[in-house]
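Read the structure below first, then the notes.
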Amino acid sequence: MRIWDLHTHFPTTGGATAEQRADKLIRIADRMGIERLCLYMGFPWSQDPAPEKFRAENDQVLSVLPKHADRLLGFVYLNPKHEDASLAELERCVANGPMVGVKLWVAQHCNTLEVERIVKRAHELKAVVFQHTWFKAGENYAGESTPSELAELAQRLDGKPIICGHTGGDWERGIRAIAAQKNVFADLAGSDPVAGYTEMAVRELGAERIIYGSDASGRSFSSQLAKVHGADIPDAAKRLIFAENLIRLLAPILREKGIKF
């Protein structure tokens, strides 16, 4: 099966430079049979970066894309608290650069107008949008979004797709929170590979709304691949989850940028 990984970061070790760390990430991905990796955020990362910081992190990703053009796909990291700077960075990295998606993390709740405006501009550029979400047993970070907030945003996107990062961590609640919003896709990355996660997602959402991701190097490729390989679902569903759904979302911008897939 083809495997495209929606959700990767630079390894925390393995070199002082972005190039050295990207080389390490790809060496490990090669051993696991992973064809393409979506890469976002630099190092050291920041939860609430100022514009100069997220620009610097995006520069780290941009620096490794030419060498690994057939393996890495870059997503631009933005902070909606700095809306104008984020929109300018979106233009720099996606409209006028090689990146194909947007990464939003924990600086600002995703149901705000600032995030909505950024997401709608990303959709105009055909970029794929990934929003981190979490339902925590304790308190979320001050600006951390939940799947319920993402579902609220999704209602205002005229059916355009958006990805629910981690399926909210507490995946049983996360799946239920996004189920009614057909334009929301579930990212499998980052939680423990417990039995039933992928099976419930397929049952409640349909296999065509689920995307494999690892959250490497925060999680291992092997533990996250096991969520799909070990799931009691048909091989056709596994093919959708491992690559076909992500390829379908990325296809318009890949074609526009002349990236072969």
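The values are calculated or read from the model by the stated rules, or taken from the named source; none is laboratory data. Keep in mind that this is a model prediction, so the values were computed, not measured. Using ideal geometry, Cβ is built from the backbone for each residue, glycine included, and neighbour counts are taken over all protein chains shown.
Remarks
- Residue in the stretch 188-204 that is touching a residue at least 60 places away in the same chain (Cβ under 8 Å) and over 19 Å from residue 8 (Cβ atoms) present: no
- Any hit, the stretch 56-75, residues being part of a loop (DSSP other than H, G, I, E, B), closer than 18 Å to residue 118 by Cβ, touching a Cys at 6+ places or on another chain (Cβ under 9 Å) and free of Cβ contacts under 8 Å to residues at least 40 places away in the same chain: no
- Among the residues of the stretch 1-25, those identified as in a helix (DSSP H, G or I) and surrounded by fewer than 19 Cβ atoms within 10 Å (Cβ to Cβ) are 19, 20, 23, 24.
- Criterion: farther than 19 Å from residue 205 by Cβ, surrounded by fewer than 22 Cβ atoms within 10 Å (Cβ to Cβ), out of contact with any Ser or Thr (no Cβ under 8 Å at 6 or more places or on another chain) and β-branched (Val, Ile, Thr) - qualifying residue of 253, 247: 253
- Residue check, residue 34 surrounded by 23 or more Cβ atoms within 10 Å (Cβ to Cβ), of a type outside the set (S, T, N, Q) and either touching a helix residue (DSSP H, G or I) at 6+ places or on another chain (Cβ under 7 Å) or closer than 21 Å to residue 166 by Cα (or both): yes
- No other residue among 116, 91 is in contact with a helix residue (DSSP H, G or I) (Cβ under 9 Å, 6 or more places away or on another chain) and without any contact (Cβ under 8 Å) to a residue 24 or more places away in the chain apart from 91.
- Within the stretch 46-69, restricting attention to residues that are in contact with a strand residue (DSSP E or B) (Cβ under 8 Å, 6 or more places away or on another chain) and of a type outside the set (A, V, I, L, M), the residue that is farthest from residue 255 (Cα to Cα) is 49.
- Residue within the stretch 151-163 that is touching a Ser or Thr at 6+ places or on another chain (Cβ under 6 Å) and either under 26 Å from residue 85 (Cα atoms) or among the polar types (S, T, N, Q) (or both) present: no
- Residue that is of a type outside the set (D, E, K, R) and in contact with a Leu (Cβ under 8 Å, 6 or more places away or on another chain), where the choices are 216, 195: 216
- Qualifying residue in the stretch 191-199 (condition: among the polar types (S, T, N, Q), at pLDDT below 95 and within 27 Å of residue 28 (Cα to Cα)): yes
- Within the stretch 220-233, the set of residues being surrounded by fewer than 18 Cβ atoms within 10 Å (Cβ to Cβ) and either under 23 Å from residue 132 (Cβ atoms) or without any contact (Cβ under 8 Å) to a residue 12 or more places away in the chain (or both) comprises 220, 222, 223, 226, 229.
- Residue ranges of helices (runs of 4 or more DSSP H) in the stretch 163-245 with at least 1 members more than 14 Å from the chain's Cα centre (by Cα) and at positive phi: none
- Flag for residue 63 being among the polar types (S, T, N, Q), more than 16 Å from the chain's Cα centre (by Cα) and under 18 Å from residue 132 (Cβ atoms): no
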